[in-house]
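Structure record follows, encoded as structure tokens.
Values quoted throughout were computed directly from the atomic coordinates according to the rules given, and no laboratory measurement underlies them. Note that the coordinates shown come from a computational prediction; the quantities given were computed from them, not determined experimentally. Please note: Cβ atoms are built from the backbone with ideal geometry, for glycine as well, and neighbour counts cover all protein chains shown.
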Amino acid sequence: MGDCVYFESRGVGAKTHTCQLHEQCKLTHGGNKYASCDKCNDSLSLADDKFPNEWIDPLYVIDRFKHKTDSLRNLLAGRPAFLFCGGPSALEFPLEHLDQKGTFTLAVNNAAGHSRFTPQAFVCSDPPMKFSHSIWLDPKIMKLVPTPKMSGRRDKLRMKKDKVFSRLDKRVRDCPNVWGFKRESWLEPDDRFFLTSGACWGNQDSGTKRTGQPKTVCTMLLGLRLLRYLGASRIYLLGVDFRMGPGCWYSFSQGRTEGACESNNRHFSVVNGWLCQMQSRGVFERYGVEIFNCFSNSGLRAFPHVPFDIAIRDARGIVEDKPDLEFWYEKESCPKCDSWHVWCENQSRVCKDCEEKWEADKRPDYNNKGKKKGK
């Protein structure tokens, strides 16, 4: 069963292996508490025709108490979502529309504290002290953080008031709506981006040694994996400029030195290459997600452009800002054909399928042959 996408060997010739879904498994039959791989109903290979529909994202996620959980997997149930990064191009769009009902936005780093809207989720990878206390303490924002940031010396926070920083009396694990995920510091631009139990954000020194890929990390990559884990079928990128220069830093108040801009632009070039490779190899399509960029002049060339207004309409679907709440508590199916396609106003009712008309307080009674009783 070595071709199963959830299967990881613990060493050459080892009999004990790791299953990303069921933890430890045995290749041989035995009277232990772990199921044999050849009896597993979840076994799946890339070559299976059923792969796109049956693949389960194995990302390792924990709750605030460090208990493994699957409760966030497919939370969005296939709905579209926005990935909001910090590029200044985001200011060209009516960001207030992201507050409309039906939209879901995952924001990267301090972009989650943007003054023009409130995202539903936030991801970071740097030390938590670098991000606003107004993000950490807002219960409406789901905080998704690498597991090492949830304990020890790495979960300290600070606050800022009247331009003065001070220590916050809460730590990451004390904040509302906090979740942890496993992060990997290596990346190969192929299927392993989705198949590992950790979210890959690029290559640090150990990753470069392992993969031979350039040393580069990017929190946006975590956002892509997390949105797929959450169940987004389409991802619309906002503020993904992939270029930084004098006066063109972020969509919020934060400057950068010339050296930092040059460094970021080198990172952007590498990540653009990785994502172009993955897109051309069909990786994102294989794992059931489409990605579009709302900024037509972005330095990220991997994904097609879609205008912001079209993205908003798609994200909202049929969800209304002011839904009509009248008559929902009454049964208003057609008494003749049982259709739910019924027009209601005051006491009048009209079936849009069979054109039957009636008054709400004088609902006709039909037999099972569609004829009024008594006639």
Exercise. Consider a paramagnetic label point 7 Å from the Cα of Ile62 along Cα→Cβ; state which residues of the range 135-158 have an amide N under 11 Å from it.
Key: 146-152
Quiz item: Antiparallel as a % of all DSSP beta bridges within the chain, to the nearest 5?
Solution: 50
Exercise. Figure the gain on full extension for Thr211 and Phe327 (residue separation times 0.36 nm, minus the Cα-Cα span) and round it to one decimal in nm.
Key: 35.7 nm
Self-check item: Dimensions (Å) - the chain, Cα atoms, principal axes, largest first
Solution: 85, 65, 44
Practice problem: Kindly write out, for the range 200-212 in residue order, the coupling ³J(HN,Hα) from the Karplus curve 6.51 cos²θ - 1.76 cosθ + 1.60 (θ = phi - 60°), rounded to whole Hz, with x marking Gly and Pro. | Solution: 8, 10, x, 10, 8, 4, 5, x, 4, 5, 6, 9, x
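If I take every Cα pair under 8 Å that is 6 or more residues apart in the chain, average their sequence separation and divide by the length, what percent do I get for the relative contact order? The partial results should precede the final answer.
Values: 682 pairs, mean separation 55.8, N = 375.
15 percent.
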Quiz item: Considering only Pro176, Val270, Gly282, whose Cα is most displaced toward the positive end of the charge dipole of the chain, charges sitting on Cβ of Lys, Arg (+1) and Asp, Glu (-1)?
Solution: Pro176
Self-check item: Positive-end extreme of charge dipole, the chain - chosen from Ser166, Leu300, Gln100 (charges on Cβ)
Solution: Ser166
Quiz item: Around Ser269, with a cut-off of 15 angstrom between Cβ atoms, what is the net charge of the other residues, counting Lys and Arg +1 and Asp and Glu -1?
Solution: +2
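Work out, in µm²/s and without decimals, the Stokes-Einstein translational diffusion coefficient of the range 97-232 at 10 °C, 1.306 mPa s, Rh from Kirkwood over C-alpha pairs.
Details: Rh = 15.8 Å.
The diffusion coefficient I find is 101 µm²/s.
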Practice problem: Towards the positive end of the charge dipole of the range 65-166, with charges on Cβ (+1 Lys, Arg; -1 Asp, Glu), say which of Pro88, Ser125, Ile141 has the farthest Cα. | Solution: Ser125
Exercise. Specify the residue with the greatest mean-square fluctuation among Asp314, Asp42, Asp365, computed from a Gaussian network of the chain linking alpha-carbon atoms under 10 Å apart.
Key: Asp365
Quiz item: In nm, to one decimal, how far is the modelled label at Glu54 from the one at Ala260, with both set 7 Å along Cα→Cβ?
Solution: 5.0
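Which value, in debye to the nearest 20, describes the size of the charge dipole of the chain about its Cα centre when Lys and Arg Cβ atoms bear +1, Asp and Glu Cβ atoms bear -1, and nothing else is charged? Provide the component values of the computation, followed by the final result.
On the way: 58 positive and 46 negative charges, 254 e Å.
It works out to roughly 1220 debye.
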Practice problem: Report the residues of the range 321-344 in range of a label on Cys354: point 7 Å along Cα→C-beta, backbone N strictly under 15 Å from it. | Solution: 332-343
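What number comes out for the charge environment of Phe122, summing +1 per Lys or Arg and -1 per Asp or Glu over other residues with Cβ under 14 Å away?
Values: positive: Lys130, Lys140, Lys143, Lys149; negative: Asp126, Asp138.
Net charge in that neighbourhood comes out at +2.
Under 25 °C and 0.890 mPa s, how fast does the range 280-355 diffuse according to Stokes-Einstein, given a Kirkwood radius computed over C-alpha pairs? Answer in µm²/s, whole number.
Values: Rh = 16.9 Å.
D, rounded to a whole number, is 145 µm²/s.
Enter the per residue convex hull volume of the range 163-322, computed from alpha-carbon coordinates, in Å³ rounded to the nearest integer.
Working: hull volume 29.8 nm³, N = 160.
Convex hull of Cα atoms, per residue: 186 Å³.
Just need the relative contact order of the range 204-327 here, percent rounded to a whole number, with Cα pairs under 8 Å and 6+ apart.
Values: 112 pairs, mean separation 33.0, N = 124.
Relative contact order comes out at 27 percent.
Loop-only check: which trypsin sites (Lys or Arg not before Pro) in the range 105-204 are DSSP coil with at most 10 other Cβ within 10 angstrom?
Numbers: sites: Arg116, Lys130, Lys140, Lys143, Lys149, Arg153, Arg154, Lys156, Arg158, Lys160, Lys161, Lys163, Arg167, Lys170, Arg171, Arg173, Lys182, Arg183, Arg192; in loops: Arg116, Lys140, Lys163, Lys182.
Sites meeting the loop and neighbour criteria: Lys140, Lys163.
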